[in-house]
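J.: Input: one structure, supplied below.
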Amino acid sequence: MTKTYHQGQFLHFPHKTSTPESGYEYTENGILIVEDGLISGLYPAESVLKTLAPDEQQSVIQHDGLILPGLIDTHVHYPQMEVIASYGRQLLDWLNDYTFPAEAKFSNYHYALQQSELFLEQIFANGTTTACVYATVHPESVDAFFTASQTYNARMICGKVLMDTNCPDYLQDSPESGYNESRSLIEKWHGNQRQLYAITPRFAPTSSPLQLMKAGQLSKVFPDVFIQTHLSENIDEIEWVKQLFPDCCDYFQVYEKYGLARERALFGHGIHLTDREINAVKHSGSAIISCPTSNLFIGSGLFPYFRLKENNIPVAVASDIGGGTSLNLFKNLAELYKILQLQGQNLNVFESLYLCTQGAACALKLEDKIGNLNTGTEADFIELKPDSIPILSQRLSHADNLAEMLFATMILADERVIKHTYVSGNLVYSR
C-alpha cells in the first residue's frame, strides 16, 4: 500500500446541501491522507503529526495554497477545442460553419488520441479532474478519449454522438449503427476502471424519431449509464424542435417520449424552459447544466438558476467548449454570477464552488466517489495559488475573511491560479 500525507488548508462540502454557505467544512491546518488512490481521512494536522515517526513526518507534502476537491466540468465537447473563439454566430450557424467540419477529423483514431491528450492536459491545468465529454459520431473518438483518460486513471464520462439527420452526410450514423456502436462502447468502457459512458444524442433536431427511440432502448438496457444532450439553448432551436416534433407540446417532452429523461440524464443549457418543462424535469430526476461563457458568447440567453433551485432540480456548471470560451470553471462561475446580476439576483461564492464540486457530483449521483474530501472518496484534488496572479494577489492582501478571499479568486482567476492537480492521488499537473 502507498500512503501519502498532504498538509495545508482544506475546503469542501462534505454533504449534499441547499445552503452551501453554511454547509462547507474548512480546515485551516489539516492533513489529508491518501492511500492507493483513495482518501483515507482528513484530520487536524496536530493529531496526525504526533502519530508519525520522524522519517514519516519528513515525507509529509507541504502545501501553502488552499486545497479543494477536483473541479467537475459537466458538459464539454473535446473535439471542439480547435474551434473555440470562432467568430460569433448564432447557434445553428455556428454548428454548420465551425463545429461539424472540425468533428469530421475525428474519424482518425490517432488524430483523436492526440487531441484527447491535449484536452486532458488543458483541463488538468485548469483544475478539472472529471468531465462529461461529448466525442463525435465516430466510435474511434470515444476509444481514443477513454484510452487517454485511462493513462491517468481519471474519472471521466464520455459518449459517441448520435446524429442521423439534419447534419452533413459525412457526420451521419443511422439508428442501427448508432445503437450497435454505442452498445459496444458501453460494454467495453462503462465501469472499466474509472471510465463511465453517456448515451449522447447531440440534440433532438439531429436525431430522427427512430434514433431517439433506439437511444431510449439503450437507456433501458443499461440503466446505470449516463445520458447527455442539449435542451432549450436557443429560441430558434426551440422553434425548430416544434416543427420537427409537432406531436410533442415542448422540447423536453421529446426526450420524455423516447425514454431519455431520468436520473443521470444531463441536459445542457435549459435556459428557456416552460413551467411544464420545469415540473417535468423535476419529476424525472434529470439535471440541468449551466454553460455560462457559451450562453453569453453565442447570445443564447440568461440562465434561470434560482427558478431551477426553487424546484429542487440538480444544477451544475460547465465550460461547454467550444461554444464556451474558457475551460477554467472559475471563469465560468464568474460569468454565471454576472448573468444572475443581470436578473437582479446574487449568487453566494460558496454556492458557486458547490456547483462544480459536491453539487456537480450529486447531480451525477457520484458523490460517493468524487466532489468532496470525504473518507473513502477518490483522491482528486487541486491546490490554488492565488498570488500567482498579480491583480488577485493585491486584492487578497485586503481580504478580511474566507468568503471575501474566495469571491475575489472566483472573479479574477484564470488557469494561473491552479498550482497543483492530483488525480487518484497522483500529481498530474504542476504550475
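J.: Give me the one-decimal nm value for the distance between modelled label points at N29 and N192, 7 Å along each residue's Cα-to-Cβ direction.
T.: 4.7
J.: Shifting gears a bit: Run the numbers on the stretch 71-347 and let me know its relative contact order in percent, using alpha-carbon pairs under 8 Å that are six or more apart. Provide the component values of the computation, followed by the final result.
T.: Details: 563 pairs, mean separation 52.2, N = 277.
Computed value for the stretch 71-347: 19 percent relative contact order.
J.: Scan the stretch 267-349 for GluC sites (Glu not before Pro) in coil per DSSP, keeping those whose Cβ has at most 10 other Cβ atoms within 10 Å, and list them by number.
T.: Here no GluC sites (Glu not before Pro) fit, given the DSSP loop and packing criteria.
J.: How far is the Cα center of the stretch 181-207 from the Cα center of the stretch 401-427, in Å?
T.: 31
J.: If neighbour count is taken as other Cβ atoms inside 10 Å, put R276, R262 in order from fewest to most.
T.: Values: R276 12, R262 16.
Fewest-to-most Cβ neighbours within 10 Å comes out as R276, R262.
J.: Enumerate the residues in the stretch 325-359 having an amide nitrogen under 14 Å from the point lying 7 Å beyond the Cα of D414 toward its Cβ.
T.: Label zone hits: 325-332.
J.: Continuing with this model, one more query. Provide the FRET efficiency to the nearest 0.05 for the I235-T2 pair, computing r from the beta carbons and using R0 = 60 Å.
T.: Values: r = 54 Å, r/R0 = 0.89.
My answer for the efficiency is 0.65.
J.: Zone of T151 (label point 7 Å along Cα→Cβ, backbone N under 13 Å): which residues in the stretch 100-130?
T.: 110-122
J.: A follow-up question, please. Give the Rg (one decimal place) followed by the Dmax (whole number) of the stretch 71-347, computed from C-alpha coordinates and expressed in Å.
T.: My reading of the Cα-based Rg and Dmax gives 17.1, 48 Å.
J.: Next up: Roughly how tilted is helix 139-150, in degrees to the nearest 10 and between 0 and 90, from the longest Cα axis of the chain?
T.: 10
J.: When the chain is fully extended, how far beyond the present Cα-Cα distance does R307 get from S107, taking 0.36 nm per residue of separation?
T.: Details: separation 200, 0.36 × 200 = 72.00 nm, distance 4.07 nm.
So the chain would gain 67.9 nm between R307 and S107.
J.: Let me ask something else about it. Treating the angle as unsigned and between 0 and 90°, give the value, to the nearest 10°, between the Cα long axis of helix 175-189 and the longest Cα principal axis of the chain.
T.: 20
J.: Moving to a separate point now. How big is the Rg/Rh ratio for the stretch 208-279, C-alpha atoms only, Rh by Kirkwood, two decimals? Walk me through the intermediate numbers first.
T.: Working: Rg = 12.0 Å, Rh = 12.6 Å.
Ratio value, two decimals: 0.95.
J.: Going 7 Å from the Cα of S177 toward and past its Cβ, which residues in the stretch 129-159 have a backbone nitrogen under 12 Å from where you end up?
T.: 137-140
Any read-out appearing in this document is the output of simple, stated calculations on the displayed coordinates, not a laboratory observation. Keep in mind that this is a model prediction, so the values were computed, not measured. In this analysis, Cβ positions are derived from the backbone assuming ideal geometry, glycine residues included, and neighbour counts consider all displayed protein chains.
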